[in-house]
1. Do we have any residue at all in the range 419-438 that's at pLDDT 85 or above and touching a helix residue (DSSP H, G or I) at 6+ places or on another chain (Cβ under 6 Å)?
2. Select from the range 144-168 the residues that are over 29 Å from the mean Cα position of the chain (by Cα), modelled with pLDDT under 90 and either hydrophobic (A, V, I, L, M, F, W, C) or open to solvent by less than 40 Å² (accessible area, probe 1.4 Å) (or both) and list them in ascending order.
3. Say we look at the range 262-293 and pick out the residues that are open to solvent by 50 Å² or more (accessible area, probe 1.4 Å) and out of contact with any Asp or Glu (no Cβ under 6 Å at 6 or more places or on another chain); which of these is modelled with the lowest pLDDT?
4. Any idea which of Thr716, Thr773, Thr753 is assigned to a helix (DSSP H, G or I), out of contact with any Asp or Glu (no Cβ under 6 Å at 6 or more places or on another chain) and open to solvent by 40 Å² or more (accessible area, probe 1.4 Å)?
5. Restricted to the range 45-86, and to residues that are among the basic types (Lys, Arg) and at pLDDT below 95, which residue is farthest from the chain's Cα centre (by Cα)?
6. Determine the pairs where a residue that is open to solvent by 10 Å² or more (accessible area, probe 1.4 Å), located within the range 555-569, has a partner that is assigned to a helix (DSSP H, G or I) and not basic (Lys, Arg) with Cβ atoms under 8 Å apart, the partner being 6 or more residues away or on another chain.
7. Looking at the range 11-50, which of its residues are out of contact with any Asp or Glu (no Cβ under 8 Å at 6 or more places or on another chain), buried (at least 21 other Cβ atoms within 10 Å of the Cβ) and not in a helix (DSSP H, G or I)?
8. Quick one: which residue in Asn785, Asn747 is polar (S, T, N, Q), in contact (Cβ under 8 Å) with a residue 40 or more places away in the chain and out of contact with any helix residue (DSSP H, G or I) (no Cβ under 7 Å at 6 or more places or on another chain)?
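The values are calculated or read from the model by the stated rules, or taken from the named source; none is laboratory data. Computed from a predicted structure; not experimentally measured. Here the Cβ positions follow ideal geometry from the backbone for every residue, glycine too, while neighbour counts run over all protein chains shown. Ligands, DNA and RNA are stripped out before the accessible areas are found, and what is left, the full protein with its side chains, is counted by its heavy atoms. Shrake-Rupley method; radii C 1.70, N 1.55, O 1.52, S 1.80 Å.
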Amino acid sequence: MFKNYVLIAWRSLLKNKLFSFINIFGLALSVSVCMIVLLRMVDAFEYDIFHPGRESIYRITSTITDPKGGSWTLASSPLPLEQVLLSDGIAARNITHFYPAIHVTASDRSREFAVKGVFIEPSFFSVFGFTCKYGNAEKAIAVANCVLLSQMVAEKFYGQQDPTGKTLTLGDLGEFEIAGVISTPATKSHIAYDVFVSMATVPALERKNLLPAKLGNWDSFEQGYTYIRIDDAAARRSVQGKLARTAVEATKTSREMKQEGNGRSFEFALQPLDDITPNPPNIYNDIGRGTSRGSLLAEAGIVFIILLAACFNYTNLSVARALTRGKEVGIRKLAGAQRWQIFAQYVVEAILIALFATFIANGILGLILEFKPFNDGYEMVPDVRIGIKLLAVFIGFAVFAGLLAGAIPAWILSSFRPARILRGIGSEKLMGNLSFRKVLMVFQFSLSLVILVFLTAFYRQFDFLGTADPGFNREHIALIPAGDHSEVSVAGFNKIPGVRETAFTSDRFGTNRRIKASQEGLDPHGVLMEAYDCDREWIDMMRLKWVAGTYFHAGAVVINEKAVAALGFKSPDEAVGAMIYLQDSVRATIDGVVKDFYTQGYGNAIQPVLLKEGHDELQYIAVETTQNTSQITLGLEQVWKKQNPGHSFELRWLQAEMERDADQSAEVSLLGFLGFMTVAIASLGLLGLVVYTVEIRRKEISIRKIVGASVRHIVTLLSGGFVKLLLISGAIGLPVGYMLGNFFLMNFVNRITLGWLELLACFAFLWVIGLITILSQTCEASLENPARNLRSE
């Protein structure tokens, strides 16, 4: 029987190709968005599944209640908590804690990268399933001043070479010996760091005041994270009891103290590893990078709304077609078919359409996964491999979509009575009043118009920012790590044909490194400024315009006009020659003032900028060339390699890097895709409404033609109501889109003006699509032979 249902459904799809295409395409668009969210949901539940025996791993969370009754739960716990549990007989290899206090710049002799790191102990590798690509991590990490690199960071520094035994400088923390490389795990983990440093290093760093004294301090609830492996229920109850006693002691001690901020009560709890990601609500200080449960619920709600709109369009078109399939239902019922069999037939047809839509949506998803048009820094679409599990999820979702879309048409069709059907139902209104569907159509077109207006504002604003002059030169400038013997490298660079000038700098503008400056030492109201180390040649290469002073000697600084005002000087001339303090204690003379420029992009406010001469911080050689050619790049690489053998050559073109930072093509692509989808779904909804209206008014149209109505009159009569709905959609969508567009533009200091021409262009676009949709059906109906529709009367 099921085989016959599928065969009949297949024949129906082939017989009505246009109807089938419209339904499949409309569902495919919405299902493609749904599949993206399904990918995100599946990805969110696959964090940390590579750890052996992960069901036995728990994180200890802390709940703090203040004297006023306010309570909050932290994913972290005090650093000394591990020692308390170890004293209760727990094996050392079954408990570990780590201390994520590393936010520094890692550097070797030729390059540097900002890294995020954590202090760990050997038991880290017995509790978790992390493994090493190089080195014996568990043994090496027990020694102070040892560091493990993540595979990604190791490849940045050393390519595919084994870096074990080499040294790496971690900012002010000092030099560390590389003990190995941690392999990239099979799946994502909420524990994701660049460097892993031996916990044995912390005491020495605390004594040198390079780290605050937190290792033995119970007032470190936000610093440490404690994990424990518990294999049976009895051990879990024992640990929970010990945690409860520890919390009581901590609460008692707190309430006995009279200092401000104490008198708090504490609780500790065990959180299963599988419950960490997606992030539960109301847990603070979490280190997980996965999405939250609330976000997943919101995305699921959006998916349901999108799917509901597409399914409602399918229902509209199916009910409109039901008026032409009435005789088929009547004959089948007269032949003995039961209502449930008719219902099952049309539900199977809907599921078949949904499966075809899912197949097409999977093709769209494949293109999105390959080209990643929506990923830009933020992973909008997770990079996952579609396997059996995901295919099963997609097929299940297609069946659900088919049931959702096909249930109402199937119910209506199966309810027909044979005698009435065979008499003709062309004048029957199968779904009662059209008000709800008209409201839905207005909503869909209004939403489409809002997205189009917002997309126009978004695209024009970033196009404006991309072509604006930031106030400094960025063309044909390459940044190369200084490396060893940088002066020799510069001399070699200057001999290469096509090289105009060379300079030294700590980095390009916009890296957001800040320093405190003031006119008086130890000033609590000092000004935070963007700070860059450079030489005079870098200022000239950037084409910065001098306002006052033109000299730049060792130990001096150059500031911009914004910094002049921030420091309290009345004019640039007053600032030149004045003494200021950097970081409260370092004295520096202002040698000159340059005109303001936009370090953070033309859309952001001008920042106070300080340029200082400091040879120790000059990390890059800046090379200005006549043009960006592979020949010049090859020449620069050959010269640099002579002074830095064994290191990879890394060249950054300043203009390309800044354009990449400002690039919003991923957001434009996403908004464009959503805009196209909403317009398509709205148009299909309008098409269904028009088809349904034409079907129930065919006899009326035929009678009007017989009594002399012209084609123009009939088209106007049928189209007038829908044109009004389009106008209402414009009246709602344009003001809302204009308001949202201007709210978005208010985020920028320099911005475009969203004018009435853009609004009219967006509305005209939707107006044309709407008219084409309406007229394609009303013109066809007005040209039909009236005798064909009235011959059964």
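1. The initial filter retains those residues of the range 419-438 that are at pLDDT 85 or above, namely none.
Within the range 419-438, not a single residue is at pLDDT 85 or above and touching a helix residue (DSSP H, G or I) at 6+ places or on another chain (Cβ under 6 Å).
2. Tyr158
3. Restricting to residues being open to solvent by 50 Å² or more (accessible area, probe 1.4 Å) and out of contact with any Asp or Glu (no Cβ under 6 Å at 6 or more places or on another chain), the top hit is Arg289.
4. So the residue among Thr716, Thr773, Thr753 that is assigned to a helix (DSSP H, G or I), out of contact with any Asp or Glu (no Cβ under 6 Å at 6 or more places or on another chain) and open to solvent by 40 Å² or more (accessible area, probe 1.4 Å) is Thr716.
5. Filtering the range 45-86 down to residues among the basic types (Lys, Arg) leaves 54, 59, 68.
If we keep only those that are at pLDDT below 95 too, we end up with 54, 68.
Values: Arg54: 28, Lys68: 38 Å.
Only one residue fits best here, namely Lys68.
6. That search, which allows pairs on different chains as well, returns Glu561/Pro572; Leu567/Ala575; Phe569/Ala575.
7. Selection gives Tyr47 alone.
8. Criteria check complete, one pass: Asn747.
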